[in-house]
1. Among the listed residues V107, V26, V120, V36, which satisfies the condition of being of a type in the set (V, I, T), within 30 Å of I289 (Cα to Cα) and free of Cβ contacts under 8 Å to residues at least 60 places away in the same chain?
2. Let me confirm something: among L98, L32, which residue is in a helix (DSSP H, G or I) and in contact with a His (Cβ under 9 Å, 6 or more places away or on another chain)?
3. Output the qualifying pairs, or none if there are none: Cβ atoms under 6 angstrom, residues six or more apart or on different chains, first residue in the stretch 293-305 and closer than 16 Å to V36 by Cβ and touching a residue at least 24 places away in the same chain (Cβ under 8 Å), second residue of a type outside the set (V, I, T) and surrounded by 14 or more Cβ atoms within 10 Å (Cβ to Cβ).
4. So which residues in the stretch 127-155 are in a helix (DSSP H, G or I), touching a residue at least 60 places away in the same chain (Cβ under 8 Å) and loosely packed, with under 15 Cβ neighbours inside 10 Å?
5. Identify the residue in the stretch 35-76 that is outside any helix (DSSP H, G or I) and not basic (K, R) and, among all such residues, is modelled with the highest pLDDT.
6. Considering every residue within the stretch 77-90, establish whether at least one is modelled with pLDDT of 90 or more, farther than 21 Å from R149 by Cα and among the polar types (S, T, N, Q).
7. Consider the stretch 48-96. How many of its residues are over 19 Å from S320 (Cβ atoms) and free of Cβ contacts under 8 Å to residues at least 12 places away in the same chain?
8. Among the aliphatic types (A, V, I, L, M), closer than 21 Å to W278 by Cα, within 18 Å of the chain's Cα centre (by Cα) and at pLDDT 95 or above: is that true of L183 in this structure?
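The values are calculated or read from the model by the stated rules, or taken from the named source; none is laboratory data. This is a predicted model, so every value here is computed, not measured. Here the Cβ is made from the backbone with ideal geometry for all residues, glycine too, and neighbour counts use every protein chain on show.
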Amino acid sequence: MHPRPKLQLLITSARLANLPSVVSNVWLGVALGVLVARRWTPAAAPWSAAALLALSGMLLYVGGNFLNDWHDRHWDARHRPERALPQGAFSPGLYLGLAIGCGMLGVIMAGLTGPGSALVALAIVLCIVSYTRWHKQTLASILLLGMCRALLPVLYFIEWPLSCAKPGLTSALAETRMELAVLAPHALALLCYGVGLSWIARGEAKTEPVATGHGYARSLLAMAGLLMASWYVSHVPLLGLAGLLPFTVWLTLCFTRFAKSPQVQVSALLAGLPLLDWVALLPLSLSLIHRGTPIPFALTCLMLPPLAFVTGRLLQRLASAT
């Protein structure tokens, strides 16, 4: 086989087009972590930690995709023969090795930020392995896939308040537990979106859209937007909901224009994940500016989700997102 088609098959297996959404999910936790740590620390932008955890999240995601393709190679031979392993483009052992290597490197990258991040990375690995093992057997496995997304912002958030706490660990821990309420609705939003998306994706191998349970799946996707919009900025109350508009428009397109083909719809929903982050990050960036956070950091919160969305859609032209 010509090297170029093999390379395209490899990056399709890695789901390269979905990596911008992983970065956006991780950055959501970075922004929330900086917000809750502001009372303890001077204005600072944790670029190095954010980069390490974004790399960790991408490695975990890519490793999970290789593991899934390795595990499903016999099923794919019957239902998705266009994939790399059924075509014989690569050996199954290579995919398993890539999965293990990416998973280990992902945990190591997270561990360089702190032990809490390493534990969250290990939890993501556990969810990936469990989902891969049981996703063809039970619908409930989509909860595990949703957890993988929900845990991405936790990678940073769990470390930042504790690492920046002033002396007095007991009070710092107590305050951190209270601040988890800041993260909870946003992590739950990613869980709902991941579950709803995965529910719809289970019919992707069909030639026609599968209606069973799609009403519930769509409700979960819409609920995700409302949960992510739980952030309220008192000094800009109208702009506080501005991020909900692009997400709602894109979700409507996913339910209508892109719903004619299961693969097209799933790809569109995957690309829309950064827009879900933007529901929270748009007002959050305004709040950070108001609180005196460095402008480059606040602008990253403002611009990263739409850039990730556009980049993801462009990468889908290069290789399939599913």
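1. On the way: V107 fails: within 30 Å of I289 (Cα to Cα); V26 fails: free of Cβ contacts under 8 Å to residues at least 60 places away in the same chain; V36 fails: free of Cβ contacts under 8 Å to residues at least 60 places away in the same chain.
V120 is the lone residue from the list that is of a type in the set (V, I, T), within 30 Å of I289 (Cα to Cα) and free of Cβ contacts under 8 Å to residues at least 60 places away in the same chain.
2. Numbers: L98 fails: in contact with a His (Cβ under 9 Å, 6 or more places away or on another chain).
Of the residues listed, the single one that is in a helix (DSSP H, G or I) and in contact with a His (Cβ under 9 Å, 6 or more places away or on another chain) is L32.
3. Taking only residues 6 or more apart or on different chains, the pairs are F297/A45; C301/A31; C301/L281; C301/L284; C301/S285.
4. Correct list: R133, L139.
5. Initially, the stretch 35-76 is screened for residues outside any helix (DSSP H, G or I), giving 38-46, 72.
Going one step further and asking which of them are not basic (K, R), we end up with 40-46, 72.
Working: W40: 45, T41: 50, P42: 44, A43: 49, A44: 60, A45: 69, P46: 85, D72: 93.
The residue in question is D72.
6. yes
7. In the first step, residues of the stretch 48-96 are kept if they are over 19 Å from S320 (Cβ atoms); the result is 48-57, 59-60, 74, 91-94, 96.
Okay, now just the ones that are also free of Cβ contacts under 8 Å to residues at least 12 places away in the same chain, so 48, 51, 74, 91, 93-94.
Of the residues in that region, 6 qualify.
8. Working: among the aliphatic types (A, V, I, L, M): yes; closer than 21 Å to W278 by Cα: yes; within 18 Å of the chain's Cα centre (by Cα): yes; at pLDDT 95 or above: no.
No.
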